[in-house]
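Working notes, structure below.
The values are calculated or read from the model by the stated rules, or taken from the named source; none is laboratory data. Small disclaimer: the values here were computed from a predicted structure and weren't measured. With ideal geometry, Cβ positions are generated from the backbone for all residues, glycine too; neighbour counts draw on all protein chains shown. Heads up: the accessible areas ignore ligands, DNA and RNA and are worked out on the full protein's heavy atoms, side chains in. Shrake-Rupley method; radii C 1.70, N 1.55, O 1.52, S 1.80 Å.
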Amino acid sequence: MNTERNPWLALSALIIGFFMIVLDMTIVAVANPVILEHLHADISQVIWVTSAYLLAFAVPLLVSGRLGDRFGPKNLYLVGLTVFTAASLWCGLSHTIGMLIAARAAQGLGAALLTPQTMAVITRIFPQDKRGAAMGVWGAAAAFANLVGPLLGGVLVDGLGWQWIFIVNVPVGLIAFVLAARFVPSLPTHKHKFDVPGVVLSGVGMFMLVFGVQEGHSRNWDAWIWTMIVSGLVVLAIFVVNQARNSGQPLLPLSLFRDRNFALADLAIASVGAAVAAMMVPFYFYLQGVQGLSPTRSALVAAPMAVVTLVCAPVLGKLGDRIHPRIVPTLGFGLFIISVGWFAMLMTPNSSIAEFLLVSAIFGVANAGVWAPLAATATHNLPLHQAGAGAGVYNAIRQVGSVLGSAAVGAVVASRLSAHGLGGGAAEGGSGPLVVPEPLRDAFSSALRESMYLPIMVLVIGLIASALLIRIPRGGDAAEKEASTSPSAAEPLPSTR
């Protein structure tokens, strides 16, 4: 068997590492109470276990995409995987909350180095007529990992201890490294000048903005937080101006956004990241606090989402290759809005869990209809020499959307709890399971139900963006054109050695 000519083997190897990276965005959620008790931490410190990962993941994404263009996506993937795997072991061996936070930041850096390379490799090794199916597998892995994270986390915490949600990454990371080294091709690199001012401005601006939003609720949105947010926006504006005036090779090629579909797909995937992050907070609070489910059992309610997404994503990815690019994601966003709204209506003290399982399956179809088609549409017209930069931009925008959605829903939940006379205390479960007293369950359910309006409004933005996607003319695939004219790119799958 000529593995050097089989792009699906390369994709399979990449998916293992990518799945592990996305999984770690949600797997920690159910372990937070146990970590708090075991490491003698407080709530703010435990929140930083997730915040450190998100920040370190989001900030370097633009840079790592361009580094993949310069030094090869395979090399950056392997470096990122090594950093992530070593940091996972560090997390599992941590015996103080400070050590765990530092290790999570290192994990985030490894994730940032790895993630854009997966999309860049898919763009470069698959022909246009197969890329939708490949992105379907990529999208299924991302969506499935997001949804199965809490379930796997609950099982590991209940069975082996919180350390194992990190230690389990070590053997998986080693296997992923061996497979990637064997099957992922060493693609031609593109010599770029390194845009140092762009690196500094984008890194500082994104850090200040994400840090400000992430920490805003815990500091009651004080003057220091608003200074951080406004300063971050100003620095990012300076970054955009700098990139527009850069006549060489900027870190963020603004020409990417002249492609209407790339710009709209970026906006749509940001809304997905924000909405999913925003809905999971009130959803799991409701299941554990009102329905009285354990972390593992509450995560099982999301199991139909994961299963249906895994089954449907490759199918919808192939379908997206054959029909207008707006159809599948627009329908997906429509189902997203319906399912989140349905969840909200069910969030009462006496609702049946069976109804949640049904809506969970519909949510899985929606998830599958959005992730893969948007990724395929965003990368369709990217030239080979901008594949890494484009993938970095796409993933950075998605990640920032997730961070902003998570931070925003925290403020909304606190506000709705206060409006119902609960303050913030009703949402505090200490180090044990969260169970809301019977007299407070109606008010608590109402506050959480109203918090679900935020992800619905965010999803409307994605619906509009996907509805504005345009048909890509035949022969319009920039990557294939470049491959046909560039001697260095003539063979899509060179030797893996």
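Out of (1) under 15 Å from V301 (Cα atoms); (2) open to solvent by less than 10 Å² (accessible area, probe 1.4 Å); (3) β-branched (V, I, T), what's the single condition that is false for V393?
Checking V393 against (1) under 15 Å from V301 (Cα atoms); (2) open to solvent by less than 10 Å² (accessible area, probe 1.4 Å); (3) β-branched (V, I, T), the one that fails is (1).
Looking only at residues that are open to solvent by 10 Å² or more (accessible area, probe 1.4 Å) and in a loop (DSSP other than H, G, I, E, B) in the range 14-55, which one is modelled with the highest pLDDT?
Filtering the range 14-55 for residues that are open to solvent by 10 Å² or more (accessible area, probe 1.4 Å) and in a loop (DSSP other than H, G, I, E, B), the one modelled with the highest pLDDT comes out as L39.
Name the one entry in V272, V281, V307, V340 that is out of contact with any Leu (no Cβ under 6 Å at 6 or more places or on another chain), open to solvent by 50 Å² or more (accessible area, probe 1.4 Å), assigned to a helix (DSSP H, G or I) and of a type in the set (V, I, T).
Numbers: V272 fails: open to solvent by 50 Å² or more (accessible area, probe 1.4 Å); V281 fails: open to solvent by 50 Å² or more (accessible area, probe 1.4 Å); V340 fails: open to solvent by 50 Å² or more (accessible area, probe 1.4 Å).
None of the other options fit; the residue is V307.
Being part of a helix (DSSP H, G or I), of a type in the set (V, I, T), touching a residue at least 40 places away in the same chain (Cβ under 8 Å) and open to solvent by 10 Å² or more (accessible area, probe 1.4 Å) narrows it down to one of V121, V137, so name that one. Spell out how you get there, then give the answer.
Details: V121 fails: open to solvent by 10 Å² or more (accessible area, probe 1.4 Å).
From the options V121, V137, the qualifying one is V137.
I'd like the full set of residues that are surrounded by fewer than 20 Cβ atoms within 10 Å (Cβ to Cβ), modelled with pLDDT under 90 and part of a helix (DSSP H, G or I), limited to the range 156-171.
Passing the criteria: D158, G159.
Going through F144, F183, F126 one at a time, which residue ends up being within 27 Å of G364 (Cβ to Cβ) and either more than 21 Å from the chain's Cα centre (by Cα) or open to solvent by less than 10 Å² (accessible area, probe 1.4 Å) (or both)?
On the way: F144 fails: either more than 21 Å from the chain's Cα centre (by Cα) or open to solvent by less than 10 Å² (accessible area, probe 1.4 Å) (or both); F183 fails: within 27 Å of G364 (Cβ to Cβ).
It is F126.
When you go through (1) farther than 30 Å from G68 by Cα; (2) free of Cβ contacts under 8 Å to residues at least 60 places away in the same chain one by one for P304, which number turns out not to apply?
The single condition P304 does not satisfy is (2).
Might you let me know whether the range 187-202 holds any residue that is open to solvent by less than 50 Å² (accessible area, probe 1.4 Å) and closer than 29 Å to V409 by Cα?
First, pick out the residues of the range 187-202 that are open to solvent by less than 50 Å² (accessible area, probe 1.4 Å): 187-188, 190, 192, 195, 198-199, 201-202.
Right, trim to closer than 29 Å to V409 by Cα and you get 201-202.
Yes, the conditions are met somewhere in the range 187-202.
Is it true that some residue in the range 91-111 is in a helix (DSSP H, G or I) and in contact with a Lys or Arg (Cβ under 9 Å, 6 or more places away or on another chain)? Even if it seems obvious, please write down each step before you answer.
To start, the set of residues in the range 91-111 that are in a helix (DSSP H, G or I) comprises 91-93, 97-111.
Narrowing the set further to residues that are in contact with a Lys or Arg (Cβ under 9 Å, 6 or more places away or on another chain) leaves 91.
Yes, the range 91-111 contains at least one residue that is in a helix (DSSP H, G or I) and in contact with a Lys or Arg (Cβ under 9 Å, 6 or more places away or on another chain).
Search the range 241-255 for residues being open to solvent by 30 Å² or more (accessible area, probe 1.4 Å) and assigned to a helix (DSSP H, G or I), and hand back the single one that is nearest to P197 (Cα to Cα). Lay out the reasoning, then the answer.
Step one: filter the range 241-255 for residues open to solvent by 30 Å² or more (accessible area, probe 1.4 Å), giving 241-242, 244-249, 254-255.
Remaining after also requiring assigned to a helix (DSSP H, G or I): 241-242, 244-245, 254-255.
Details: V241: 12, N242: 8, A244: 13, R245: 12, L254: 16, S255: 19 Å.
The extreme case among them is N242.
Residue by residue through the range 315-337, note down the ones that are of a type in the set (G, A, S) and either closer than 19 Å to A277 by Cβ or open to solvent by less than 20 Å² (accessible area, probe 1.4 Å) (or both). So that I can check it myself, show each step before the final result.
Residues of the range 315-337 that are of a type in the set (G, A, S), as a first pass: 317, 320, 332, 334.
Within the range 315-337, G317, G332 qualify.
Consider G292 against the criteria (1) within 22 Å of P150 (Cβ to Cβ); (2) in a helix (DSSP H, G or I); (3) at pLDDT 80 or above; (4) not hydrophobic (A, V, I, L, M, F, W, C): it satisfies all of them except one. Which criterion is unmet?
G292 satisfies all of (1) within 22 Å of P150 (Cβ to Cβ); (2) in a helix (DSSP H, G or I); (3) at pLDDT 80 or above; (4) not hydrophobic (A, V, I, L, M, F, W, C) except (2).
Taking only the range 185-240 into account, find how many residues are free of Cβ contacts under 8 Å to residues at least 12 places away in the same chain and not in a helix (DSSP H, G or I).
So the count comes out to 2.
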